[in-house]
Amino acid sequence: MTRPATEDTTPRILPATSEGTGVVSARRRRSRYSLLTRRDKVVLTLMVGVPLLLDLALIWGPTIGSIALSFTNWRGVEPLTAKSVVGVQNYQQLFSGTYPFFWPAVAHNVVWLAFLMFVATPIGILIAVLLDRELRGSRVFQSIFYLPVVLSLAVIGIIWQLQYSADNGFIDVALRAIGVQNPPDWFGDQSNVLVAPLNLWAAMVAAGWRHVGYVMILYLAGLKSVDPALREAAKVDGASERQTFVNVVFPVMAPINVVIVVITTIEALRAFDLAYIINRGRNGLELLSTLITNNSISESSRVGFGSAIAVVLLVISLVPIVTFLVRTTRAQAR
């Protein structure tokens, strides 16, 4: 008799292929040599997630809310319903001239920008160029010119109110000393002087006092990074100091120049503190920022209308910001 064949149950070890071994070993290496531990991943998530949430809650949330409210006539007290939606009525009221303070405020912001750009900024650049020569006591002068930058604009407004005081202000006392018996009311005179009210010029001088120090420290830092060989080469070629600065140093400072232009534009557009401290942004000191506050938070409580002005200011402010970002991105891509 022949015995029936039985199934061989002995476990067999299959030969490992190179592909399977490679996958297993790669997985082991990843699990074994991971650069981030679980704790690192939690910390990284918190470091990125918390600022992102704060940015969404404090910046983009109010921004989107203001855009939505700009199409309503909501007054901030009654419930916000579908009847509050008025479409583009707020924008029509702004651009048609029905609201008499809008276009003067736009003009004042433009004058403010021109003053900072073509008066305060060149003065700051000039001071930076002079201090770059390593004059004796240059550190002291840097501290003196930069001191207004560390002060808030509210404090600067109070300081210049004292300077413009009609009783014992430094400016009026100096004018009387040279024979001017009736100095003007600097913060109260609304008469136009060179396309802008006199009190606006007084406020811009106070703002420029701070802006000069800001530009000075930025430009001085840029001048320190200029290769001295460029100046030496220009000097060997017989160029004067003015020619060296205009034809050699200034073009090399192009990145700093762009930053200064963007910062100056933003400073002019968001000007608020000085004008509001002087007379709450009224009587010749109307700016877009003060109109937003006076309409949204004042007794009128025109939150929807104030939001429309805020959206206009947002769109205008995005122009220099987007220009700067596009320019920076293209420069990095080269």
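The values are calculated or read from the model by the stated rules, or taken from the named source; none is laboratory data. Because the structure is predicted, anything quoted here is derived from the model rather than measured. Here Cβ is always computed from backbone atoms with ideal geometry, including for glycine, and neighbour counts include all displayed protein chains. Keep in mind that these areas ignore ligands, DNA and RNA; they rest on the heavy atoms of the full protein, side chains included. Shrake-Rupley method; radii C 1.70, N 1.55, O 1.52, S 1.80 Å.
Residue by residue, here is whether (1) more than 30 Å from Leu220 (Cβ to Cβ); (2) open to solvent by 40 Å² or more (accessible area, probe 1.4 Å); (3) among the small types (Gly, Ala, Ser) holds:
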| site | (1), (2), (3) |
| --- | --- |
| Pro255 | no, yes, no |
| Thr264 | no, no, no |
| Ile278 | yes, no, no |
| Gly281 | yes, no, yes |
| Val312 | yes, no, no |
| Ile321 | no, yes, no |
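Looking for something assigned to a helix (DSSP H, G or I), of a type in the set (Phe, Trp, Tyr) and out of contact with any Phe, Trp or Tyr (no Cβ under 8 Å at 6 or more places or on another chain) - is there at least one such residue anywhere in the stretch 238-246?
yes
Only residues that are in contact with a strand residue (DSSP E or B) (Cβ under 8 Å, 6 or more places away or on another chain) and open to solvent by less than 80 Å² (accessible area, probe 1.4 Å): list them for the stretch 161-193, please.
Of everything in the stretch 161-193, those that are in contact with a strand residue (DSSP E or B) (Cβ under 8 Å, 6 or more places away or on another chain) and open to solvent by less than 80 Å² (accessible area, probe 1.4 Å) turn out to be Asp189, Ser191.
Checking Thr63 against (1) more than 19 Å from the chain's Cα centre (by Cα); (2) open to solvent by less than 40 Å² (accessible area, probe 1.4 Å), which single condition isn't satisfied?
(1)
Give me a count of the residues in the stretch 131-176 that are in a helix (DSSP H, G or I) and of a type outside the set (Val, Ile, Thr).
Residues that pass the stated criteria total 22.
Looking only at the stretch 138-160, which residues are open to solvent by less than 70 Å² (accessible area, probe 1.4 Å) and under 22 Å from Lys224 (Cα atoms)?
Listed by number, the residues that qualify are Ser138, Gln142, Val149.
Which of the residues belonging to the stretch 68-117 are farther than 21 Å from Ser298 by Cα, open to solvent by 40 Å² or more (accessible area, probe 1.4 Å) and aromatic (Phe, Trp, Tyr)?
Phe95
Using the structure shown, decide if Gly208 is among the small types (Gly, Ala, Ser), in contact with a helix residue (DSSP H, G or I) (Cβ under 7 Å, 6 or more places away or on another chain) and closer than 27 Å to Tyr276 by Cα.
yes
Going through Ala202, Ala154, Ala174, Ala196 one at a time, which residue ends up being at pLDDT 80 or above and over 18 Å from Leu274 (Cα atoms)?
One residue alone meets the criteria, Ala174.
Name the one entry in Pro197, Pro228, Pro255, Pro184 that is in contact (Cβ under 8 Å) with a residue 12 or more places away in the chain and more than 21 Å from Ala120 (Cα to Cα).
Going through Pro197, Pro228, Pro255, Pro184 in turn, just one is in contact (Cβ under 8 Å) with a residue 12 or more places away in the chain and more than 21 Å from Ala120 (Cα to Cα): Pro184.
Looking only at residues that are touching a Phe, Trp or Tyr at 6+ places or on another chain (Cβ under 6 Å) and open to solvent by less than 50 Å² (accessible area, probe 1.4 Å) in the stretch 207-237, which one is farthest from Ile158 (Cα to Cα)?
The extreme case among them is Met216.
Go through Ile217, Ile260 for me and flag whichever is in contact with a Leu (Cβ under 7 Å, 6 or more places away or on another chain) and either closer than 27 Å to Leu318 by Cβ or of a type in the set (Ser, Thr, Tyr) (or both).
When all the criteria are applied, what remains is Ile260.
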